[in-house]
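What follows is a set of notes on a single structure, which appears directly below.
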Amino acid sequence: MLAYTMQRLIVALSVAFTVSVVAFFLLHLSGDIAISIAGPEASPAQVEVVRHQFGLDRPLLVQYLDWLWKAVRFDFGDSFYFRDTVVSLIASRIGVTLTLGAISLLLSLVVAVPLGVLAAVYNGTIIDRLALSFSVIGQAIPTFCLGLGLIIVFSVTLRWLPVSGASSWKHYILPSIALGWYAVPAVMRLSRNGMLEVLSADYIRTARAKGLAPGVVIFKHALRNAIIPVVALAAVQFGFMLGGSIVIEAVFSMHGLGYLAWEAIARNDFPVVQAVVLILATIYVALTFLADVANAFLDPRIRLA
Amino acid sequence: MALLDVQDLVIDIPVGGGVLHAVNEVSFAVERGETLAIVGESGSGKSLTSLAVMDLLPRVARRRAARLSFDGTDLLTIPERQMRKLRGSRMAMIFQEPMTSLNPAYTIGNQLSEALRCHEDVSAEAARARAIELLERVGIAGAGRRLLQYPHQLSGGLRQRVMIAMALMCKPDLIIADEPTTALDVTIQAQILRLLAELKKELNMAMILITHDLGVVARVADKVAVMYAGALVERGSARAVFKAPSHPYTRGLLNCIPVPGRTAPGAPLGAIRGQVPNLIGRLQGCAFRNRCDFAAPECAGDIHVEAVSPGHDVRCVRLEAQNRAVA
């Protein structure tokens with residue numbers, strides 16, 4: 001177990017390192033940063049001053065190492081646009097995004113896993129077909145369309161829920177549904193296929209031959225094994241949700257990390273963009289690592305190998 | 001009254017091109033403490049027959065019978081809830097694939113205890129004690145430690161012993177062993193068979209042993225039922241069937257086995273020519289007739305069961321022709 005965890009940790013750290021390289025150099029590929037910062041009307045002399053002031057005249061490798069060394073100590077410098085440090089900007093925004101992501105993930109799992117199990121247990125019946133149609137429709141609706149649709153129905157017409165903002169729990173309901181919806185089809189299909197495969201396994205026949213009740217056979221013996229790939233997918237989906245929340249946060253005007261990224265990109269606020277990309281990617285890597293560890297707990301063949 | 005009484009069992013499976021007649025009017029009975037071996041090749045319907053008794057057939061399969069009773073209980077009309085009480089507690093099953101028949105996610109101890117605790121209201125400690133007792137009885141050393149292990153940490157032979165112990169947790173009256181040794185090494189096969197035979201005697205259980213290995217049958221069976229293409233072609237006491245095999249298929253099977261001392265080294269072994277017939281669609285006559293040396297026009301008509309001797313029946317209309325050829 002320890003060897004396995006260490007091995008996954010090393011993989012996670014190397015991915016995180018790669019991401020940091022990409023996050024840093026990608027911005028330098030998009031053109032001369034000094035010109036972008038100085039603005040279109042700046043003279044060549046002014047651009048040179050900016051270049052020196054921001055240390056952009058140093059070799060790229062030195063700039064990267066300097067940035068990375070500060071980044072691991074949570075020092076991302078100051079924002080070009082907001083009068084604040086990048087860290088305090090992110091700290092004030094990340095809560096909204098993580099809350100939204102967590103609720104959305106929970107919501108999608110609560111809907112998708114039982115639906116997938118149901119579809120597998122009643123394989124080939126009308127229930128199965130309804131669940132599959134539901135997942136096809138789910139996949140076909142873009143997140144922002146669903147978000148706008150929900151606002152029109154529940155906020156504008158019925159006036160049950162607020163249109164935008166993130167100041168109370170009520171504000172999270174519609175965005176969570178819109179964002180969670182996105183993960184439902186994939187998780188449902190994986191749960192369904194996993195269950196179908198497991199339900200035809202020999203050990204399920206053994207469980208039935210023991211005289212166990214159908215509920216015990218399905219939940220204790222089948223789901224425990226079918227859920228293993230779903231855990232990994234859920235981690236990936238959570239990562240996608242953090243990325244996808246850029247759209248949802250914009251639609252619902254929630255001031256989260258996604259909204260911040262959108263503002264920063266629009267204003268060439270490079271330190272913020274770099275930091276957001278690095279942080280989202282690191283969360284993503286961390287989640288994948290946690291999913292690997294969770295799988296080891298669920299599957300003794302990984303744990304005791 | 002027989003412990004298990006099966007009469008005219010039919011199993012149909014709807015498939016793309018019609019209906020697959022997997023099992024056709026199979027009848028047999030098992031008395032308490034008796035071992036019945038059901039012999040046949042892959043696809044002969046022997047496994048489906050055993051699953052039908054346990055009511056564990058795949059959902060698409062349809063089961064019919066004139067009678068299917070266990071210790072006086074009619075299994076055809078019994079509600080599923082009642083059937084579940086019998087399953088695992090009074091009739092238990094051992095499967096062919098020990099490698100995949102145990103749940104990889106739970107310990108041996110968990111899976112053994114569960115078999116007892118889903119039928120009897122006993123404490124976890126009592127179930128554990130019973131599990132240790134049975135693991136020791138089936139020849140597993142260090143039983144207490146084994147309870148904490150997972151299936152993947154055990155060899156195939158050990159897993160099959162665990163499966164046997166699991167089947168015995170509730171002291172069943174009938175144990176159905178579906179090719180319990182097929183997936184194991186030859187040396188382990190003998191050990192497992194001996195163990196099954198001993199336990200059967202010790203616990204006075206009845207056993208249905210499903211196999212394609214006639215050597216196994218000769219060693220442990222009291223009665224034999226030979227199946228071919230979904231039909232029961234011959235049945236009788238093991239002694240009678242081995243002494244006077246009366247269906248051409250049974251003879252063919254016995255000719256396939258080399259006998260030390262009698263089969264010369266390098267001599268060709270007996271083989272049954274031709275292929276098993278397709279069982280989809282309406283069937284008429286003897287299913288073996290296209291491979292049979294004694295086939296005659298009447299083999300395409302209705303086949304009646306003929307008695308060779310008391311308790312020894314054969315489903316063949318060419319019994320006399322066979323006897324003339326042998327004589």
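The numbers here are math on the coordinates, done by the rules we state, and not lab data. A quick note: this is a predicted structure, and the numbers were derived from the prediction, not measured. Cβ atoms come from the backbone with ideal geometry, glycine included; neighbour counts cover every protein chain shown.
Here each label is just a point 7 Å from Cα along the line to Cβ, and for A:A213 and A:A294 those points are 2.8 nm apart.
Overall, the ratio between the Cα radius of gyration of the protein assembly as shown and 2.2 N^0.38 Å, rounded to two decimals, is 1.36. The lysines whose alpha-carbon is closer than 29 Å to the alpha-carbon of B:K223, local same-chain residues fewer than 8 away aside, are A:K210, B:K46, B:K85, B:K171, B:K200, B:K201, B:K243. Against chain A, whose longest principal axis comes from its Cα atoms, helix A:224-251 is set at around 40 degrees.
Mean sequence separation of contacting Cα pairs (under 8 Å, at least six apart), scaled by the length of chain B, corresponds to a relative contact order of 21 percent.
Relative contact order for region A:93-261: 37 percent, from Cα pairs under 8 Å spaced at least 6 residues apart, divided by residue count. Overall shape of region B:7-144 was characterised from the C-alpha gyration tensor. The equivalent ellipsoid obtained from it has semi-axes of 32, 18, 16 Å, in decreasing order.
Dipole magnitude for region B:75-154: computed about the Cα centre from +1 point charges on Lys and Arg Cβ and -1 point charges on Asp and Glu Cβ, it is near 100 debye. Overall, the anisotropy analysis places chain B in the prolate class: the square-rooted eigenvalues a ≥ b ≥ c of its C-alpha gyration tensor yield a/c not less than 1.5, with a/b exceeding b/c. Per-residue shielding of B:89-100, expressed as the average number of other chain Cβ atoms within 10 Å of the residue Cβ, stands at 3. Across peptide B:51-57, the mean count of Cβ atoms from other chains lying within 10 Å of each residue's own Cβ comes to 2. Comparing region A:51-135 with the 2.2 N^0.38 Å rule of thumb, its C-alpha radius of gyration ratio is 2.01 (two decimals). Once the Cα atoms are used to define both axes, helix A:60-71 deviates from the longest principal axis of chain A by about 60 degrees.
For chain A, the longest principal axis of the C-alpha atoms and the axis of helix A:86-121 are separated by about 20°. Over the C-alpha atoms of chain A, the Rg to Rh ratio, Rh being the Kirkwood estimate, stands at 1.07. Per-residue ellipticity at 222 nm computed for the protein assembly as shown from its helices equals -16500 deg cm²/dmol, with DSSP H segments shorter than 4 residues left out and the rest contributing -39,500 (n - 2.57). Among the trypsin sites (Lys or Arg not before Pro) in region A:126-193, those located in a DSSP loop and surrounded by at most 10 other Cβ atoms within 10 Å of their own Cβ are A:R159. For the peptide A:291-303, the mean number of other protein chain Cβ atoms found within 10 angstrom of a residue's Cβ is 2. The charge dipole of chain A, taken about its Cα centre with unit charges on the Cβ atoms of Lys, Arg (+1), Asp and Glu (-1) only, comes to about 1380 debye. The packing ranking of peptides B:30-42, A:146-158, highest mean first, is B:30-42, A:146-158, where packing means the average number of other beta carbon atoms within 10 angstrom of each residue. Ordering A:8-17, B:43-52 by mean Cβ neighbour count within 10 Å, with the highest value first, yields B:43-52, A:8-17. Restricting region A:158-189 to chymotrypsin sites (Phe, Trp or Tyr not before Pro) that sit in a DSSP loop and have at most 13 other Cβ atoms within 10 Å of their own Cβ leaves A:W160. Anisotropy class assigned to region A:178-305 is prolate, per the alpha carbon gyration tensor with a/c at or over the 1.5 cut-off and a/b larger than b/c. State, as an integer percentage, the relative contact order of chain A based on alpha-carbon contacts under 8 Å between residues 6 or more apart. Answer for chain A is 26 percent.
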